């Protein structure tokens, strides 16, 4: 699962930058009356704000969700600074100790450099991969585990593709000028880090590293393939896994991790694993040495300060996102979030998710579920068996609001003089805890500071983080148009994943069972097919159009969720609710949804999102689903043929 990388943090725990406002939804002053709602609703709802709000020099983008992030990070910084006696506070202090970081330099990495230098044959590479994973450093593939679906006493390991330094395989494969320039910049970054590590052959070795990653990228699944539920689960006995990929030594790796009880794994990305297996056996050891040396430096660079962090920031922030380098406080908070996410999440939720917010959020969830029940009962494309299973899933849904419970796992206290050594010690201890037979298998896959709810498909869990319970996104005292157009719609769109094509692969008991019949799957695909052509026509940047297949499931969730949230809002308020400054209650519902996604973004950040994310850019998340939405057309009186009301034959109909 992909977790959102936070891009902004205030320098102090008070106030906001001039570019953002904590005013609640919707901000009627942002509305551009000169742009007709039925022509371009995103600009109608946000036009005055879009024109008047520059992107701060240090940021890649600015918008409501960025504001939400800034508020949460400001709260985090204050929380960490006030708790130096805790593990999270001590790590924050160590990450701020720039003098000690500079003095330590690469000292704590030397044992790993020595291991890399001793590589002589493929078996040594296999062993080094296993040792990196045991040390809590995922390398070449991601490796995790959870209870077997429907059988909580058993565990299954999940193995997925990784191994690339750039965000997505398309950065290695596309040939347009901008991506070619990014690849050249990435090779220069590889050479720079290899040179800083003492590699005399850095220039030549950078080409070898890039070639390894390019070959792996060719074997990697695309975003559209990753979004396909058929590519999400492929169970294999461990013995068969070893026979299929003999050079990766998975059985020995699992023993190294202390996971001797695991009998079955899911390894759905077979083309990638086969290519990697061949690389381990056939690639010259000298090339592997260069690859591991670079990736050791790459993993450590953000925490090494000085020229190391500068090189990292120039590529990943400036070139790829259009952001400035973070302040020391921003970097320290990011370090704690990456390394001690469960502990930090629990502390944040305890401080910033009060009972009133939790109760109000639960009320939205209950109303959303009620409307899903109505929609499922009316869904003519569903047979009785599928209808019953969908309702069972809603009954079995686990809702968690705020953040995870304090994990209570034994971790070493960080040493303020040795940040890298502390990070490695924590990672290793965390890995040991993760693979214990009684380890926690229901951790939160998102930070509690996240501004967006998240549905965990594999576990039928809806997570509403404390970060999403803050203004301006959510105010339990705000009118219902604001609540339903904002957080209510975000909750509804996440729950769509419980009963869409992905959710239909896991039943109410948590078993990997397809509970749609073939005819139902085909009927649903036919109903949502117009979304593919619609989104594929959206131009992200000049000459660069969106991939409607890659974003399909998130586009379905936006449309289906909006339909459900609208139904819940109408049930609670009716379409003729009280007006505010000439805006009806129903109009404020849609304005709130549109203003959740308002954003000014740099070109680099827009390209990064389109190439590496399974969601459409923000403007299309407004105009895309609303062009299919009957309630929107009715409220704004959009006639058929207008830009915001697609012809009937071109409309998708989730519900």
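Every number here is computed from the coordinates shown, using simple stated rules; none is lab data. Just so it is clear, the model here is predicted, and its values are computed rather than measured. Note that each Cβ is placed from the backbone with ideal geometry, even for glycine, and that neighbours are counted across all protein chains shown.
Structure notes:
- For the Cα trace of the range 103-339, dividing Rg by the Kirkwood Rh returns an Rg/Rh value of 0.97.
- Within the range 538-570, backbone nitrogen closer than 13 Å to the virtual label 7 Å beyond the Cα of residue 370 toward Cβ: 567-570
- Rounded, prolate or oblate (a/c below 1.5 giving rounded, otherwise prolate when a/b exceeds b/c) for the range 485-533 by Cα gyration tensor: oblate
- For the range 62-116 and the range 392-422, distance of Cα centres in Å: 17 Å
- Expressed as a fraction of 2.2 N^0.38 Å, the value expected for a compact globular protein of N residues, the C-alpha radius of gyration of the range 529-598 is 1.41.
- The modelled label-to-label distance between residue 134 and residue 399, using points 7 Å beyond Cα along the C-beta direction, is 4.5 nm.
- Per residue, the convex hull spanned by the Cα atoms of the range 205-292 amounts to 105 cubic angstrom.
- 222 nm mean residue ellipticity, helices alone, for the chain (DSSP H n ≥ 4; -39,500 (n - 2.57); rounded to 500): -16000 deg cm²/dmol
- Rg [Å, one decimal], Dmax [Å, integer] - the range 30-82, C-alpha atoms: 15.4, 50
- With both labels modelled 7 Å from their Cα along Cα-to-Cβ, the residue 511 to residue 324 distance reads 5.8 nm.
- Derived value for the chain: Kirkwood hydrodynamic radius 26.0 Å. Basis is the mean of 1/r over every pair of different alpha-carbon atoms.
- Efficiency of FRET from Cβ geometry, residue 251 and residue 120, R₀ 22 Å, rounded to 0.05: 0.45
- Shown for 191, 539, 384: other C-beta atoms within 10 Å of each C-beta, ranked fewest to most, produce the order 384, 539, 191.
- Taking the average, over residues, of other Cβ atoms within 10 Å as the packing measure, peptides 112-118, 447-453, 250-256, 293-299 rank 447-453, 293-299, 250-256, 112-118 from highest down.
- Per-residue extension of 0.36 nm, minus the Cα-Cα distance of residue 127 and residue 278, leaves a gain of 52.8 nm for this segment.
- Model label sites at residue 648 and residue 630, defined 7 Å from Cα along the beta-carbon direction, differ in position by 1.1 nm.
- Global geometry of the range 379-507, whether rounded, prolate or oblate, following the gyration tensor of its Cα atoms and the 1.5 cut on a/c: oblate
- Kirkwood-Stokes translational diffusion coefficient of the range 95-208, alpha-carbon pairs, 4 °C, 1.567 mPa s, µm²/s: 74 µm²/s
- Remark on the range 336-379: Rg and Dmax equal 16.3, 47 Å (Cα only).
- Share antiparallel - DSSP beta bridges, the chain, percent rounded to 5: 70 percent
- Each Cα pair of the range 441-496 feeds into the Kirkwood radius, which the Stokes-Einstein equation turns, at 20 °C and 1.002 mPa s, into a diffusion coefficient of 182 µm²/s.
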